[in-house]
1. From the square roots a ≥ b ≥ c of the eigenvalues of the alpha-carbon gyration tensor of region 51-119, which class results: rounded (a/c under 1.5), prolate (a/b over b/c), or oblate?
2. Can you give me the relative contact order of region 122-183 as a percent, contacts being Cα pairs under 8 Å and 6 or more apart?
3. Enter the Cα centre distance for the pair region 94-108 and region 189-234, rounded to the nearest angstrom.
4. Relative contact order for region 32-182: what is it in percent, counting Cα pairs under 8 Å that are at least 6 residues apart?
Amino acid sequence: MTDSLLNVLLGLVASAISAGLGWLAQNLRRRRRLERVRSFLGLPAGNECLIVVNRHAASTSGKSVSRNDVFALMEIAALVRECGAEADLVVHDEVRQGLGHKAEFCLGGPVSNDRTAAHLASWLPGVAFHQDLAGAAPVFTLSVGGEEFRSESESEPSGGQVFALLARVHRAPGNRPAFLVAGQSAVANHAAVRYLAANHRQLARRYGEDGTFALVLRVANPKAYGPDVVELAADVTARALERPPAATPAG
């Protein structure tokens, strides 16, 4: 074997080893990232989670679901599949189990989802949802610790705005978390799910694997942009966890 041929063979072997090591390092990085996502979402591979489906708030049928909520459910299911877990879809008024046994994704505000209403009352007592249907256009208000986030009609020159609460409730280490996606509209629900899917790594770094958080998200001009233009309006975690003082009886 000539020296030139030997050099070529050695170069090929070195290139193969380098490529193999690069592939291995990249694969390990992907696996570590996936494990962090699984830990944050409470979705180990092969485990089952609950996706709690709300009803269409404007429909007289208890089995009707808004189109935008269906889109949101599809994106939640994609997150679950990415983690290698399995999803069990349950209607909001048919869930009869406690919190922490399975990871849970609860879609819709307390008006359209009884499970959300129960979670807010038990774990995030500082949060309240109100609606005023008396005017020409309905006004929805998300109140947290005295601060109000009011919806604006799509007829406004800016195109209006709606808000959503995105919260993660984690009772204790070792328990599975529950994610609450409670918007002032179905578009706001969809936008909050997209925000979670896009920012779960940053949220995991900030709040940790066992942290509870409550964020208010603003969705701008939903008629024109749908769920695409969403931003963090406020971190309301501390105020959401505080129970408001009891009203003093008159007299």
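1. It comes out oblate by the Cα gyration axes.
2. Across region 122-183, relative contact order equals 20 percent.
3. 20 Å
4. Relative contact order comes out at 23 percent.
Here, each number is a calculation from the coordinates, and none is a lab measurement. The structure displayed is predicted, hence computed values, not measured ones.
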